[in-house]
Amino acid sequence: MTDPQHIIEVAIPLYLEKTFHYRVPERLKEEALTGRRALVPFGNRKLTGYILGNAAGSEITNLKDIIEVLDREPLWTIEELEFFRWTASYYQHPLGEVLRTALPAGINVQTRKGSSGEQATMSGGKNIRREKFYLPGPELEAPRQPGAKALEILSVIRESGEISAADLRKRFGTCTPQLKRLTGLGLCTAEEREVYRDPFKDCTVKRDEPRCLHTHQKNALEAVTSCLDQHRFTPFLLYGVTGSGKTEVYLQAISHALERGKTALVLVPEIALTPQLTGRFQARFDSGIAILHSGLSDGERYDEWRRIRRGLARIVIGARSAIFAPLENIGIIIVDEEHEASYKQSDGLRYNARDLALVRGRMAQAAVVLGSATPMVTSIHAANEKRLTLLELPERVEGRPMPTVELVGMKGSKETISAVLSSCLIETYEQRQQAIVFLNRRGFATFLVCADCGKSLTCPNCSVTLTYHRQRGQSLCHYCDYAVPAPGTCPSCGGATLGELGAGTEKLEHDLKELLPSARVIRMDSDTTSGKGSHERLLSRMNDGSADILVGTQMIAKGHDFPEVTLVGVVNAEASLGMPDFRAAERTFQLLSQVIGRAGRGETPGRVVVQAPDTEHYAIKSASEHDAEGFYRQELEFRREVGYPPFTFLAAFAISGLSEQTVTEQAEATVRLLARLKSELKIRVEILGPAPSPIYRLRNRYRRQILLKSINRNDLHRLVFCWRQQATTISTIRISVDIDPVDMM
Ligand code: ADP
Ligand code: ZN
């Protein structure tokens, strides 16, 4: 019997609350199951929809038919859908968009305007990769010489037993003609195989055994494992100074989870997702690890995703988006460096993976471990209130002392490197030890100023100054990448003398080479790490001792363990204090503490020189004195006084567009509507703004913001929700709403 009204509910990545009903034509009846995607007509477009389930009892007639079912297997489970629904409702974002964000890009179908020959990608279709492998052939001797390069290639093939074409290309560049010749001569053979792209394949790892834990680690591990055994959601804050052995606790807790037949999800900041860290996991658990990071191609990501979905990977390590990994039966979720701002997605679905870890953990009845040497102020507050169970590792492994820190006031000084730091650098170099010098600003000069008219070079698209990059010979906008040849002439008056103001890492590198001409200085910032693998190459030069001094931005502050580094210099420690953001002090404290923690992780004790114009600020002072408790106390007092998180909840509206006047009008209209709704709803929400955003113009768009603040989370959410219902949009203006904003720029 055929049922002429087989109707399904579909989420489309467009409207907030609405889901849509479609009819399933007879030919697709077997396929149109919950958890799969379908190509559906929408207006005059065809869109990818997500099948949520049967819409039994639907009265609606005139429904459109779905066009195609796009998957052979379900993409999500009922539990995962519950999590996606929660996310959609909390961040007030369309469920279809949440699903699109959660699923790997490799499976997505392009939206095309209704053409007839529509071809959708089947999952398991085009994106499955087949790769060519080369193996030693039947012939051992060639009747003719295949050439020197070919012989070299051959010896590599013989050495490795089998090797992919891609790996050969990596080593030899183009080698198609040589391979053709070799196969022709029977010296090697080629085979096509279906492969999972393995981001690990280049690493060879030594096995590693669990360490014998020290008392604090033991206590922490027991707390976590006992909650794991009871299958009961418990959120922990693992607060341990750098080098106190947090990662070792993660590793052993994960191994406990695996023994209980559970899986583990590990979130780390993108920047920490280096072979160094992932290698530690591989060394402990030989197989079944999936890695998700932004360096993966869509195809690689999709492969990892499928491995997880099929249960082939029981440990998932990834950056932010890994919170959506299709991992079932989760026993433990770890969020390393929980204070990192990069857990927050800054566009589209503006979720915070650290917060969602607690939600997913609760749904899975899992243990959730938030780890940090410098937890968020809000986490410390939650621990004080016993909403997080505090686990402390107050000492470094093997009782290694924290480095000694010297503060150097730089008020009125024009030098990049103070006399104190110079002499420490010289001494360290002479003792054949390594140093790190940190400056959170890239480029050569922060900006150029015309000696004739006094104007600084600014970006024509953004309200920021251009940073001078000497090696590139350009003045560059760090926001929109606008570039002009530099030093060049003044765009205002044509003056030819441009003065340099403010130093960046490039200048610092230059000054260090002047100070120590024979030292091997390397620089790590986003200018030197754009190439694939360049990050790792620089790090490995520090690890194998082929570099003496590492200069860098915040990129060097995190997660790396350089045992030979005995000196850390911080240039311009207060750079991040000037940000118009209530978290400026917190960020400064965290960053400084992290950098300071890079010194003396090995046998030799470390020392640190911190330069700042004003050494009295409590963020700088407490970081230098290793006085975290003092910092958190003062910062919480400050937050209470000014009414910021954790004492209030925030939502930020960003209004932007190309016309300054329209942006201003729309921002004002938004505030008026919010104010009216607020009084109708009789709720406690403070509406601040519309103020110009700190970067008022960005990529040609004018920007204003409105901040909603409330001591009651529900009130805040209700207001945003009601605003969504009533707001009218105009196409030239973009209004985005950010729940729990992190970036206030
Ligand atoms: P964190 O993650 O807190 O920075 P790690 O877990 O990386 O600290 O530990 C720092 C170093 O100490 C690592 O080299 C680690 O292998 C080692 N380590 C950790 N715990 C122990 C232990 N109980 N005994 C000996 N060495 C340990
Ligand atoms: Zn710009």
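The values are calculated or read from the model by the stated rules, or taken from the named source; none is laboratory data. Quick caveat: nothing in here was measured; it's all calculated off a predicted structure. FYI the Cβ positions are ideal-geometry reconstructions off the backbone, even for glycines, and counts take in every protein chain you see. The protein model used for the area step is the full one, side chains on, heavy atoms only, and it has no ligands, DNA or RNA in it. Shrake-Rupley method; radii C 1.70, N 1.55, O 1.52, S 1.80 Å.
Taking segment 76-90 as the range and being among the hydroxyl-bearing types (Ser, Thr, Tyr) and open to solvent by less than 10 Å² (accessible area, probe 1.4 Å) as the test, only 87 passes.
Scoring residue 431 on the criteria (1) away from ligand 2 (no atom under 16 Å from the Cβ); (2) farther than 29 Å from residue 545 by Cβ; (3) polar (S, T, N, Q) leaves a single failure, condition (2).
Among all residues of segment 451-471, there is at least one that is of a type in the set (Lys, Arg), outside the structural domain of residue 511 (by TED's automatic domain parsing) and free of Cβ contacts under 8 Å to residues at least 60 places away in the same chain.
The set of residues from segment 396-409 being outside any strand (DSSP E or B) and either β-branched (Val, Ile, Thr) or over 29 Å from residue 571 (Cβ atoms) (or both) comprises 397, 398, 399. Taking every residue in segment 163-189 that is touching a residue at least 12 places away in the same chain (Cβ under 8 Å) and over 13 Å from residue 147 (Cα atoms) and pairing it with any residue that is open to solvent by 40 Å² or more (accessible area, probe 1.4 Å) and in a loop (DSSP other than H, G, I, E, B), at least 6 positions away or on another chain, the pairs with Cβ-Cβ distances below 6 Å are 186/138; 186/139.
The residue that is farthest from residue 210 (Cα to Cα), among those in segment 256-286 that are out of contact with any Lys or Arg (no Cβ under 9 Å at 6 or more places or on another chain) and among the polar types (S, T, N, Q), is 274. Taken over segment 278-299, the criterion of being open to solvent by less than 30 Å² (accessible area, probe 1.4 Å), closer than 27 Å to residue 345 by Cα and not in a strand (DSSP E or B) is satisfied by 278, 279, 281, 296, 299. Filter segment 49-66 down to the residues that are modelled with pLDDT under 90 and among the β-branched types (Val, Ile, Thr) and list them by number. If the condition is that a residue be modelled with pLDDT under 90 and among the β-branched types (Val, Ile, Thr), then 60, 61 are the ones that fit. When residue 656 is tested against (1) part of a helix (DSSP H, G or I); (2) in contact with a Leu (Cβ under 9 Å, 6 or more places away or on another chain); (3) more than 30 Å from residue 381 (Cα to Cα), only condition (1) is not met. The set of residues from segment 415-432 being surrounded by fewer than 17 Cβ atoms within 10 Å (Cβ to Cβ) and either in a loop (DSSP other than H, G, I, E, B) or among the basic types (Lys, Arg) (or both) comprises 415, 431, 432.
Candidates 616, 637, 680: the one that is without any contact (Cβ under 8 Å) to a residue 60 or more places away in the chain and in a loop (DSSP other than H, G, I, E, B) is 616. Residues that are in contact with a Leu (Cβ under 9 Å, 6 or more places away or on another chain) and away from ligand 2 (no atom under 16 Å from the Cβ) do not occur anywhere in segment 457-476. Restricting attention to segment 32-73, the residues that are part of a strand (DSSP E or B), of a type outside the set (Lys, Arg) and open to solvent by less than 60 Å² (accessible area, probe 1.4 Å) total 14. Please verify whether residue 734 is surrounded by fewer than 19 Cβ atoms within 10 Å (Cβ to Cβ) and touching a Ser or Thr at 6+ places or on another chain (Cβ under 7 Å), treating the condition exactly as stated. Yes; evaluated as a whole, the condition is true for this residue. Here residue 412 meets the list (1) in a helix (DSSP H, G or I); (2) open to solvent by 20 Å² or more (accessible area, probe 1.4 Å); (3) of a type in the set (Gly, Ala, Ser) almost entirely, failing just condition (1).
Sort out which residues of segment 259-296 are among the basic types (Lys, Arg) and within 21 Å of residue 537 (Cβ to Cβ), and write them in order of number. Correct list: 280 only. Among the candidates 532, 513, the residue that is open to solvent by 40 Å² or more (accessible area, probe 1.4 Å) and more than 25 Å from the chain's Cα centre (by Cα) is uniquely 513.
Taking every residue in segment 581-609 that is in contact (Cβ under 8 Å) with a residue 12 or more places away in the chain and pairing it with any residue that is within 16 Å of ligand 2 (Cβ to nearest atom) and assigned to a loop (DSSP other than H, G, I, E, B), at least 6 positions away or on another chain, the pairs with Cβ-Cβ distances below 8 Å are 581/745. Filtering 432, 400, 387, 396 for residues that are more than 19 Å from residue 507 (Cα to Cα) and modelled with pLDDT of 95 or more leaves a single hit, 387. If you go through segment 231-260 and keep only what is within 19 Å of residue 390 (Cβ to Cβ) and away from ligand 1 (no atom under 14 Å from the Cβ), you end up with 232, 233, 234, 235, 236.
With respect to the stated conditions, residue 531 is assigned by TED's automatic domain parsing to the domain that holds residue 595 and either part of a loop (DSSP other than H, G, I, E, B) or without any contact (Cβ under 8 Å) to a residue 40 or more places away in the chain (or both). For segment 450-490, the set of residues classified as among the polar types (S, T, N, Q) and at positive phi is empty.
Of all residues in segment 680-710, those satisfying the criterion of being aliphatic (A, V, I, L, M) and under 29 Å from the mean Cα position of the chain (by Cα) are 691, 695, 698, 706, 707, 708. Give the residue that is modelled with the lowest pLDDT, with candidates limited to residues of segment 128-169 that are closer than 14 Å to residue 187 by Cα and open to solvent by 100 Å² or more (accessible area, probe 1.4 Å). Filtering first and then ranking leaves 143. With respect to the conditions (1) away from ligand 2 (no atom under 16 Å from the Cβ); (2) open to solvent by 40 Å² or more (accessible area, probe 1.4 Å); (3) of a type in the set (Ser, Thr, Tyr), residue 379 lacks only one, and its number is (2). Does residue 247 fit the bill of being among the hydroxyl-bearing types (Ser, Thr, Tyr), in the same structural domain as residue 341 (by TED's automatic domain parsing) and farther than 28 Å from residue 555 by Cβ? When the stated conditions are applied, residue 247 does not pass them. If you go through segment 638-660 one residue at a time, do you hit one that is closer than 18 Å to residue 583 by Cα, open to solvent by less than 10 Å² (accessible area, probe 1.4 Å) and of a type in the set (Asp, Glu)? Scanning segment 638-660 turns up no residue that is closer than 18 Å to residue 583 by Cα, open to solvent by less than 10 Å² (accessible area, probe 1.4 Å) and of a type in the set (Asp, Glu). Taken over segment 705-745, the criterion of being part of a helix (DSSP H, G or I) and touching a residue at least 40 places away in the same chain (Cβ under 8 Å) is satisfied by 713, 716, 717, 719, 720, 721, 722, 723, 724, 726. When 696, 702 are checked against the criterion of being in contact (Cβ under 8 Å) with a residue 40 or more places away in the chain, of a type in the set (Ser, Thr, Tyr) and touching a helix residue (DSSP H, G or I) at 6+ places or on another chain (Cβ under 8 Å), 702 stands alone in meeting it.
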